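The structure appears below as structure tokens.
The values are calculated or read from the model by the stated rules, or taken from the named source; none is laboratory data. Note that this is a predicted model, so its numbers are computed, not measured. Positions of Cβ are generated from backbone atoms using ideal geometry, with glycine treated the same way; all protein chains shown enter the neighbour counts.
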Amino acid sequence: MITIFTTPKPFLGRAGTTQRNTLRSWKHLHPDVEVILFGDEDGAADVARDLGIRHEPKVERHPSGLKYIHTMFDRAQEIARHDALCYANCDIILTPDILDAARRVRAEKQNFLLVGRRWDIEVTEPLEFSNIQWTDQIRARALATNNQRDEWWVDYFLFSRNLYYRKIPSFVIGRIGWDSWLTWWAKHSGAAVVDASEVVCAIHQNHDYAYHSHGKQGVWDDELSRQNFKLAGGFVHMRSIKSASYRLTCDKLSYNTFHFFENWRIHWQQHSEPLFAFLRTNVWHPFLSFTRPVRHALGIRQKCVEPVHQSRDN
């Protein structure tokens, strides 16, 4: 069985609804699943008491008020009742397929990290978990919406306790970078990193970014995100789900023969970016300036001739 831990936003408005949905979905996975809620946000103590889950209100915070990831991972590994732990964001609904995935991987690997892509859906109402068909219904809803995020969006990390996630850099939650670093660290430490996207339907309840004054762009590109990126060591210490060394399918756990291509791509991006920056500044931008009168006369806009190479910030 597993221990799932997380940290919430205040239990107010739509966030309160989606977070209650999340925690209730975890409680309904199995009677022996342990859930730990970190943080003293508004309503957290009441929700923990109502749902019968463990509440750890004290979490070390950055001066901005954002919580440090490492304090939650350290404490969870100290107090978890089970040897398989799972950090998941507090807007991710999990269904029993994650328990089956954990069981199958644990049968073959002692030291592992299991991750997977998520499905996005709109949820504005409390879900009805008393309906024994709730799992099938929410899964069908996600598949019908057909909005699965790419390999850089990692929202749950199911790992063996002996993976020993210790000395995590001082990342703050709610900003980019830390999730990709956790994946890299597992590979770097020799753990079996498993892509369970095919068999685990992790469902993300959509939300806005009103908690940041500059919205989504601020979350991805403010000083704290840049600090997270720096602490991660840049792209060289960041990995996506594509870098997983194993894939879990309905039939078996199989070796991902081509996972090293992702490592090669990351290193190529890391080392080629200075060259592309030089070419953009000294070749491409002067070319755009020189051809602007002709392009305007022909009605060709700049975005139609943007270079293919783009760097991503997550």
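Some observations on this one:
- Hits in the stretch 147-173 - residues which are surrounded by fewer than 18 Cβ atoms within 10 Å (Cβ to Cβ), of a type outside the set (S, T, N, Q) and in a helix (DSSP H, G or I): Arg161
- Against the test of being under 27 Å from Leu113 (Cα atoms) and either touching a Gly at 6+ places or on another chain (Cβ under 9 Å) or not assigned by TED's automatic domain parsing to the domain that holds Gly174 (or both), the options Thr7, Thr71 yield a single qualifying residue, Thr7.
- The condition (being under 21 Å from Gly177 (Cα atoms) and either in the same structural domain as Arg149 (by TED's automatic domain parsing) or not hydrophobic (A, V, I, L, M, F, W, C) (or both)) is satisfied by just one residue among Ile53, Ile92: Ile92.
- Number of residues in the stretch 78-97 that are hydroxyl-bearing (Ser, Thr, Tyr) and under 18 Å from Lys67 (Cα atoms) equals 1.
Residues checked against (1) in contact (Cβ under 8 Å) with a residue 12 or more places away in the chain; (2) assigned by TED's automatic domain parsing to the domain that holds Pro8; (3) in contact with a Cys (Cβ under 8 Å, 6 or more places away or on another chain):
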site	(1), (2), (3)
Arg104	yes, yes, no
Glu108	yes, yes, no
Asp120	yes, yes, no
Gln133	no, yes, no
Leu158	yes, yes, yes
Tyr164	yes, yes, no
Ser170	yes, yes, no
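- Flag if His204 is within 22 Å of the chain's Cα centre (by Cα), at pLDDT 65 or above and within 26 Å of Asp120 (Cβ to Cβ): yes
- Of the residues making up the stretch 165-197, those that are modelled with pLDDT under 90 and in contact with a strand residue (DSSP E or B) (Cβ under 9 Å, 6 or more places away or on another chain) are Tyr165, Gly174.
- Of residues in the stretch 1-13 being touching a residue at least 24 places away in the same chain (Cβ under 8 Å) and under 13 Å from Gly43 (Cα atoms), the one surrounded by the most Cβ atoms within 10 Å (Cβ to Cβ): Pro8
- Criterion applied to Phe11, Phe112 was being under 21 Å from Tyr164 (Cβ atoms) and either charged (D, E, K, R) or modelled with pLDDT of 95 or more (or both), and the one residue passing it is Phe112.
- Taking the criterion of being without any contact (Cβ under 8 Å) to a residue 24 or more places away in the chain and over 16 Å from Leu23 (Cβ atoms), the residues of the stretch 41-70 that qualify are Lys58, Glu60, Arg61, Pro63, Gly65.
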